[in-house]
1. Kindly establish whether His83 is crowded, with 21+ Cβ neighbours inside 10 Å and over 18 Å from Glu160 (Cα atoms).
2. Under the condition of being of a type in the set (Gly, Ala, Ser) and under 18 Å from Gln12 (Cα atoms), which residue from the range 303-329 is modelled with the lowest pLDDT?
3. Could you list, in sequence order, all residues of the range 269-284 that are touching a strand residue (DSSP E or B) at 6+ places or on another chain (Cβ under 9 Å) and either more than 22 Å from Gly207 (Cα to Cα) or assigned to a loop (DSSP other than H, G, I, E, B) (or both)?
4. Is it fair to say Lys84 is in the same structural domain as Leu247 (by TED's automatic domain parsing) and either acidic (Asp, Glu) or part of a loop (DSSP other than H, G, I, E, B) (or both)?
5. In contact with a strand residue (DSSP E or B) (Cβ under 8 Å, 6 or more places away or on another chain), on the phi < 0 side of the Ramachandran plot and surrounded by 16 or more Cβ atoms within 10 Å (Cβ to Cβ), is that true of Asp25?
6. Where residues in the range 145-168 are surrounded by 22 or more Cβ atoms within 10 Å (Cβ to Cβ) and under 18 Å from Lys191 (Cβ atoms), which of them is nearest to the chain's Cα centre (by Cα)?
7. It is to be established whether one or more residues within the range 328-340 are outside the structural domain of Val205 (by TED's automatic domain parsing), exposed (fewer than 14 other Cβ atoms within 10 Å of the Cβ) and without any contact (Cβ under 8 Å) to a residue 24 or more places away in the chain.
8. Output the number of residues of the range 307-342 satisfying the condition of being touching a helix residue (DSSP H, G or I) at 6+ places or on another chain (Cβ under 9 Å) and in a loop (DSSP other than H, G, I, E, B).
Amino acid sequence: MEKQLAQRTLSQSLRQLKPSLNLADFSSNDYLGFARSGELYKLIKDNETIYAKILFPGAGASRLISGNHALYDVVEKKIAGVHKAERALIFNSGYDANLGLFASLASRHDTVFYDEYVHASIRDGIRLSLAKSYSFKHNNLDDFKKKLSRARGRVIVAVESVYSMDGIERFKQTGQQNYWIEDLVEYCFEKGFYVIVDEAHSTGVFGERGEGIVAQKKLETKVFARVHTFGKALGVHGAAVLGSGLLADYLVNYARSFIYTTALPPHSLLSILSSYEYLEKNTDTIQKLRENIDFFKSGFYMEENTNDSPIHYKIVGENKKCLELSRKCQETGFDVRAILSPTVPRNTERLRICLHSFNTRKEISGLFSLLGNIPE
């Protein structure tokens, strides 16, 4: 352990826990400001009064024993309705959801193809499934098609609608600009492949009600499963797998990260419900976020910027230099974090810039000025 940590220190990639910074926030995933919202906190407290008779400090057991609290049914129906799905099944976190979904769904007789930039939880779930798996180049349908000659058994395809380090981009194909995921889903649907979409960074951000890109683009009937998480734009905690009733029943029986864990406490469920209710009453925060994204895009890049998400970046290409630039941003009052290898591939080390509905034009303009003085 000492040797491995020493190697991390030498390569400027040692991870350490540090206190949050009281700076202009350009680093968190709290895109709508819900995690710090006093109004949302008040709504949760108000709902505590409504559900007082069934609120307890903890769940006491897994959902299959005695932890299936009455609020689960209420909240899962709410989630399924917002995201236009037949069923929603709550997991304790996005990591747990992906781990349980992929590990239980695929078998050694199947083949999983995944975008090279998918989240670590997806990769870990695939590994546990024992299925044959192959990555394909990021947002590259042609490379995916080339890899299909290796397929055996059922074909499962894993992608994200918005990538945590790269956002989402529109591409000109068939004479119009689409998100790459639209073309992939249509192709896989025609071929009878099972597409799973992680919508962690799309939840609450895309669509009129924050329903995510799959529902916004009316692809929900062509996607086998979706994972929506609540710890980013919704500001609380937990996640849900969305899909058919058959899929939900299957996961209850076979997803080990669902079966063998204590259920979320009732208060967490109440917080999730309250966050969805708060979003319904405050969809203007989504519009404010989009306006800030557009303002940022208009000033940060000289070339056309087709990334519509809150997640942007500036490639630096070296851990040490990336850390130095991050410190410079923080010393100037902007909380911009360095993302280092091995979190991102070597030579793509970057400053990750997250936009929020609460960022002011003055803050964004100040960041423009600072980033403009950083050489390519």
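The values are calculated or read from the model by the stated rules, or taken from the named source; none is laboratory data. Quantities reported herein were computed from a predicted structural model and do not represent experimental measurements. All Cβ positions, glycine included, derive from the backbone under ideal geometry; neighbour counts span all protein chains shown.
1. no
2. Per the stated criteria, the residue is Gly317.
3. Leu269 - this is the single residue of the range 269-284 that is touching a strand residue (DSSP E or B) at 6+ places or on another chain (Cβ under 9 Å) and either more than 22 Å from Gly207 (Cα to Cα) or assigned to a loop (DSSP other than H, G, I, E, B) (or both).
4. Yes, satisfied.
5. It is true that Asp25 is in contact with a strand residue (DSSP E or B) (Cβ under 8 Å, 6 or more places away or on another chain), on the phi < 0 side of the Ramachandran plot and surrounded by 16 or more Cβ atoms within 10 Å (Cβ to Cβ).
6. It comes out as Val159.
7. Taking every residue of the range 328-340 in turn, at least one turns out to be outside the structural domain of Val205 (by TED's automatic domain parsing), exposed (fewer than 14 other Cβ atoms within 10 Å of the Cβ) and without any contact (Cβ under 8 Å) to a residue 24 or more places away in the chain.
8. Of the residues in that region, 9 qualify.
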